[in-house]
Structure formats: structure tokens, C-alpha cells
1. So what is the orientation-averaged projected area of the chain, using the convex hull of its C-alpha atoms, in nm²?
2. Debye sum, Cα scatterers, region 99-215, no solvent: what log₁₀ I/I(0) at q = 0.20 1/Å?
3. For the chain, what relative contact order do you get, as a whole percent, if you take Cα pairs closer than 8 Å and at least 6 residues apart?
4. Cβ neighbours within 10 Å, averaged per peptide: list 58-64, 72-78 in order, most packed at the top.
5. Mind checking Rg over Rh on region 161-215, alpha carbons, Kirkwood formula for Rh?
6. Hey, how many Å between the Cα centroid of region 1-47 and the Cα centroid of region 137-215?
7. On the principal axes of its Cα set, how long, how wide and how thick is region 7-62? Give whole Å, largest value first.
8. Can you compute the label reach from residue 154? Point 7 Å from Cα along the Cβ direction, backbone N cut-off under 16 Å, restricted to region 178-200.
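Readers should treat all values here as calculations from the given coordinates under stated rules, not as data from a laboratory. Since the structure is predicted, the reported quantities are computational estimates derived from the model, not experimental observations. Cβ placement follows ideal geometry from the backbone for every residue including glycine, while neighbour counts extend to all protein chains displayed.
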């Protein structure tokens, strides 16, 4: 079993510079993996504005995708469909292509989150899915992951670019003092920004998912 991820760029057709957006996404993925390596196969572009990657667990995928979102600049955002299940790569001789139930579930999940954005949850960016005949315990975990993702996405989508940077820093274990120096602001300003954005719960959620501790 593996967590397969399909990602695409929100509003890609309306971007003034699609190349710059792609580069910023790649940089966000590379930084997240450098700081907290969690992927079996990190997200990478496949065609157009779509990216694909694989993670060992639902928790690892949720943690890593949070770091990617926190790294993105204003004006660039992604949505993610995460499918949990088996992977059965197809061997084409010179290469293999991803295939199997996890990928089918990921495709359905990204379609679901896109539909949610049009209706009940405009700020939703992440959805988890699994195969219809999955074990009830797996389906329960997926349901819990979606409840968590909806709340987390609401908070992250409402943050400013600076607050996302600060939240990312706390997730990877940097102190408020260090972040204040980097941003050229006071430690009190960092604390206030994090508190007003609800960043503490986002950080605690990340730590629970990645089993990390910070000061």
C-alpha cells in the first residue's frame, strides 16, 4: 500500500508566467524534501501543469504536502489528490509508468477537491481517497484525513506569504528568534503573526504527522 499523489496548479490558465509558477513549485518541493525527506518518489512534473509523486503513508503525504503549500509564493497554489492503495507499475521496456488502485483513487480525489472548491469549500486544496473495497479501518483513516485536511487548508489558504514562511520555519524546528532575524522583524511580531493566523495548530498537526519535535 502506498499514498499516490496527483497535483495540479490552481488557476494555471490565468497565470501571467506559467514557467515562473512551475519553477516556484519545484523549488518548494525540493526545499520540503531537503528539510524533511518523506517521499518515496517526490512530486515531479509529468505533463502540462500536473505533478505526480508517491509517499509511504497517508501521514507522510499529508505532512509533506503541507510543507510544499507553505513554501509557495502568493499567486501560486496547488491542489492535491491523494490515493491510498496498491501500485502496479506498467513496464514499457525503456521505462515504467505509474498505475494501479492508488493512482485511480488519487485521480478521483483531485477531481473531488476541485469540485469542492466550486461549492462548499473554496479554500480546499487536498483530498484523500482509497478504493471502494478498502478495509473499513482504511476508509476510516481516509475520512479522518479529509476532515483534518479541510480545516488545515482553510487556515493555510488564509495566511499571508510571510506567515506561511514563518509557519514553515516552525514546522521544521526553527525558533521564533531565528525567524525574526531572517524576516528583519521583532520576535514579538513573529509571535503575533503566528498567533493571529492559527499557525500553532498547523505546526502541531505537522509534528503529529511526521513524528517530529521542535522547541
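1. Working: hull surface 50.0 nm².
If I average the Cα hull's projected area over directions, I get 12.5 nm².
2. -1.06
3. Numbers: 363 pairs, mean separation 41.2, N = 215.
About 19 percent, as a whole number.
4. Output ranking for 58-64, 72-78: 58-64, 72-78.
5. Working: Rg = 10.5 Å, Rh = 11.0 Å.
Rounded to two decimals, Rg/Rh equals 0.95.
6. If we compute the Cα centre of each part, the gap is 19 Å.
7. Here the spans come out as 34, 18, 16 Å, largest first.
8. Correct set: 197-200.
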